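The values are calculated or read from the model by the stated rules, or taken from the named source; none is laboratory data. On a predicted model such as this, the values are computed, not experimentally measured, just so you know. With ideal geometry, Cβ positions are generated from the backbone for all residues, glycine too; neighbour counts draw on all protein chains shown.
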Amino acid sequence: MYINIPKMRFYSTLLILLSSSLLSLNAHTQNGTVKQIPPVQRGAALGLYSEDPNWSYVDMIDEMKVAGVNHVALVVPYYLKNDTSVKIFKHPRFTVPMHTVERTMNDIIKRNMKVFLFPILRVEDKSNGGWRGTLKPKDPGTFYKNYTKYILAFARLAQKFKVPVMSVGSELSSLDADQKQWRKVIAAVRKVYNGKLTYSANWDNYQNVAFFDALDYAGVTGYFELADKEKAPDEDPSINQLIHSWRNVYMQLLRWQNSIGKPLILTEVGYLSQKGAAARPWNEGANEKLDMEIQRKCYEAFRRVWNGETRLAGSYFWNWFGWGGPKSKEYTPRGKPAEKEVAKWYGGRLNKSLKKTVH
């Protein structure tokens with residue numbers, strides 16, 4: 001049977017397959033074990049989510065360093081009233097003051113770790129189901145004017161602290177096609193900031209981002225569905241199933257990455273430690289039964305598929321902030337079996353204070 005595949009796509013796919021095979025061979029040492037080769041940016045996110053502006057994140061930063069993390073995505077949320085609003089504001093409870101951001105950046109830098117500055121927008125009123133991915137500002141011109149002012153404040157902060165990487169936006173899917181506006185935003189940022197820039201596209205809309213050519217990295221969140229949503233949360237996918245799912249995503253992402261010619265950063269890779277997490281990793285509001293093993297298996301599958309892939313400039317596990325431990329159903333890998341997977345890939349070790357909670 002003849003299958004008509006466009007030549008460029010065929011050769012691109014073949015190149016990715018051959019590269020993947022070579023990387024797999026190179027990753028094995030002489031005794032047959034797999035050598036762990038993480039990306040240059042061995043990252044994890046740290047949300048500045050404490051409502052106490054004086055609260056210290058030092059313990060979490062120290063844990064990340066022990067686990068082998070060398071880049072910290074510092075997540076700072078600002079707010080819109082709803083998904084049609086144009087005014088961007090500091091939430092009185094949920095946005096930390098800038099002095100807290102600066103103090104935490106200093107704490108990271110003092111430990112010879114690097115900051116990936118990662119401001120995000122949140123929608124305060126979600127009654128109509130809106131979130132930052134569904135924004136439809138009633139006055140786009142005013143919105144982008146306000147957005148530019150907001151993001152420039154972070155760009156100046158990034159320049160002041162010599163931050164190597166900054167995101168100009170995250171998961172703003174409904175605005176991803178506004179090429180002209182985004183290019184103006186990026187140009188304004190480049191006037192005050194000399195570091196590398198990315199945009200964090202949502203996992204289901206990255207191919208529609210129209211301005212990656214103006215950036216240094218192509219950023220994508222990693223909440224790809226690895227299991228059947230119709231069978232969740234009852235299905236317990238095997239590690240081989242999860243590896244197969246991540247392998248398919250890997251192929252799709254590298255074909256796309258090859259077409260745009262930018263190094264790839266997976267800006268958020270995270271799973272709740274509860275049943276159904278593999279099928280709906282994006283569902284932060286889920287409340288299913290505790291399941292530490294599915295979180296760990298998803299981390300393992302990700303690590304095994306992407307190990308040694310040089311076109312992956314960075315990966316950032318979401319999100320170190322949280323209490324963690326054996327009863328936590330949150331995204332954080334702290335004190336959970338998933339933390340072992342982070343340390344194994346990043347060349348770190350398990351935090352001593354948490355070893356008793358991880359088996």
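Please enumerate the residues belonging to region 103-148 that are more than 23 Å from the chain's Cα centre (by Cα) and either part of a loop (DSSP other than H, G, I, E, B) or of a type in the set (S, T, N, Q) (or both).
Asp125, Ser127, Asn128, Lys136, Pro137, Lys138, Asp139, Thr142, Asn146 - these are the residues of region 103-148 that are more than 23 Å from the chain's Cα centre (by Cα) and either part of a loop (DSSP other than H, G, I, E, B) or of a type in the set (S, T, N, Q) (or both).
Any chance you could count how many residues in region 289-299 are surrounded by 21 or more Cβ atoms within 10 Å (Cβ to Cβ) and either at pLDDT below 95 or not hydrophobic (A, V, I, L, M, F, W, C) (or both)?
Looking only at that region, the number is 4.
Quick one: count up the residues across region 230-286 that are over 23 Å from Ser328 (Cβ atoms) and either at pLDDT below 95 or of a type in the set (S, T, N, Q) (or both).
11
Does region 289-300 include one or more residues that are in contact with a Pro (Cβ under 6 Å, 6 or more places away or on another chain) and assigned to a helix (DSSP H, G or I)?
Yes, that holds for at least one residue.
Which of the residues belonging to region 265-288 are of a type in the set (S, T, N, Q), in a loop (DSSP other than H, G, I, E, B) and crowded, with 24+ Cβ neighbours inside 10 Å?
Scanning region 265-288 gives a single hit, Ser273.
Give Val220, Val185 a once-over and let me know the one that is in a helix (DSSP H, G or I) and either modelled with pLDDT of 95 or more or among the acidic types (Asp, Glu) (or both).
One residue alone meets the criteria, Val185.
Do we find that Phe94 is within 12 Å of Arg122 (Cα to Cα), surrounded by fewer than 18 Cβ atoms within 10 Å (Cβ to Cβ) and in contact (Cβ under 8 Å) with a residue 40 or more places away in the chain in this structure?
yes
Conditions tested, residue by residue: (1) touching a His at 6+ places or on another chain (Cβ under 6 Å); (2) under 24 Å from Tyr57 (Cα atoms); (3) among the aliphatic types (A, V, I, L, M); (4) touching a residue at least 60 places away in the same chain (Cβ under 8 Å).
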site: Cys298; (1), (2), (3), (4): no, no, no, yes
site: Asn319; (1), (2), (3), (4): no, yes, no, yes
site: Ala343; (1), (2), (3), (4): no, yes, yes, yes
site: Gly347; (1), (2), (3), (4): no, yes, no, yes
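In this structure, is Leu23 surrounded by fewer than 14 Cβ atoms within 10 Å (Cβ to Cβ), modelled with pLDDT under 55 and not in a loop (DSSP other than H, G, I, E, B)?
No.
Quick check on my filter: what residues within region 336-359 are modelled with pLDDT of 95 or more and not in a helix (DSSP H, G or I)?
Lys336, Gly347, Gly348
Take the residues of region 175-213 that are among the small types (Gly, Ala, Ser) and over 20 Å from the mean Cα position of the chain (by Cα): which is surrounded by the fewest Cβ atoms within 10 Å (Cβ to Cβ)?
Only one residue tops the list, namely Ala187.
Condition first: touching a helix residue (DSSP H, G or I) at 6+ places or on another chain (Cβ under 6 Å) and at pLDDT below 95. Can you find one or more residues in region 141-152 that meet it?
No, the conditions are met nowhere in region 141-152.
Kindly evaluate Ile109 against the criterion of being at pLDDT 95 or above, β-branched (Val, Ile, Thr) and buried (at least 16 other Cβ atoms within 10 Å of the Cβ).
When the stated conditions are applied, Ile109 does not pass them.
What residue, of Thr95, Thr100, is of a type in the set (Ser, Thr, Tyr), under 22 Å from Ala155 (Cα atoms) and in a helix (DSSP H, G or I)?
Criteria check complete, one pass: Thr100.
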